[in-house]
Amino acid sequence: MLALGTGRDPAQWQGARADNVHLTSFVQQNLMLPACDAFITHAGFSGTREALAAGVPMVTLPMFAEQPENAVRIAEIGAGTGFRLEDVTADSLRTAVEQVLTDPTYRSHARGLQRQMLALPPLEGFLTDL
């Protein structure tokens, strides 16, 4: 599934698309991620948190702000791999996705972080604790 962005009509898509890719303007990532085997992401805070909460390994293509640092950390903890956006090619992206899908250590690390996150106290208790 590929989300083009709110307000962008998938029927207007002019680019190449594989037959097994579904285009949509918007998708709720936190509902979709538990059904995913891998996540191609810009490594923003919310998407990274949602992917780790779902135990999904990532291929990162950071663009700006905190994203490059998040991408480095994702690679350091073994939950994914990635590229600088200006360095990615179709072949390198395909290879990275295949690597994340076939090397079980990426999923193992992502699932390990998922278990750690699930063991944290609920956010509702945070205000009470303060």
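The values are calculated or read from the model by the stated rules, or taken from the named source; none is laboratory data. No experiment lies behind these values; they were computed from the predicted model shown. A quick note on method: Cβ atoms are made from the backbone with ideal geometry, for glycine too, and the neighbour counts reach across all protein chains shown.
Any residue that is of a type in the set (A, V, I, L, M, F, W, C) and within 22 Å of H22 (Cβ to Cβ) - is there at least one of those in region 41-52?
yes
When you scan region 80-95, how many residues do you find that are of a type outside the set (S, T, Y) and either more than 16 Å from Q67 (Cβ to Cβ) or exposed (fewer than 14 other Cβ atoms within 10 Å of the Cβ) (or both)?
So the count comes out to 7.
It is to be established whether one or more residues within region 71-79 are without any contact (Cβ under 8 Å) to a residue 24 or more places away in the chain, exposed (fewer than 14 other Cβ atoms within 10 Å of the Cβ) and within 21 Å of L4 (Cβ to Cβ).
no
Show the residue pairs meeting these rules: Cβ distance below 9 Å; 6+ apart or different chains; first residue within region 102-121 and modelled with pLDDT of 95 or more; second residue surrounded by 13 or more Cβ atoms within 10 Å (Cβ to Cβ) and of a type in the set (S, T, Y).
Y106/T81
Which residues, counting only those in region 5-32, are under 23 Å from R84 (Cα atoms) and surrounded by 15 or more Cβ atoms within 10 Å (Cβ to Cβ)?
We begin by selecting, within region 5-32, every residue under 23 Å from R84 (Cα atoms); these are 5, 15-17, 29.
Q29 - this is the single residue of region 5-32 that is under 23 Å from R84 (Cα atoms) and surrounded by 15 or more Cβ atoms within 10 Å (Cβ to Cβ).
Just to be sure I understand the filter: pairs with C-beta atoms under 6 Å, separated by 6 or more residues or on different chains, first member in region 44-60 and over 13 Å from A71 (Cα atoms), second member among the hydrophobic types (A, V, I, L, M, F, W, C). Which pairs pass?
Pairs that qualify, where the first residue is over 13 Å from A71 (Cα atoms) and the partner is among the hydrophobic types (A, V, I, L, M, F, W, C), are E50/L33; A53/M117; A54/L33; G55/A110; V56/L33; V56/C36; V56/F39; V56/A110.
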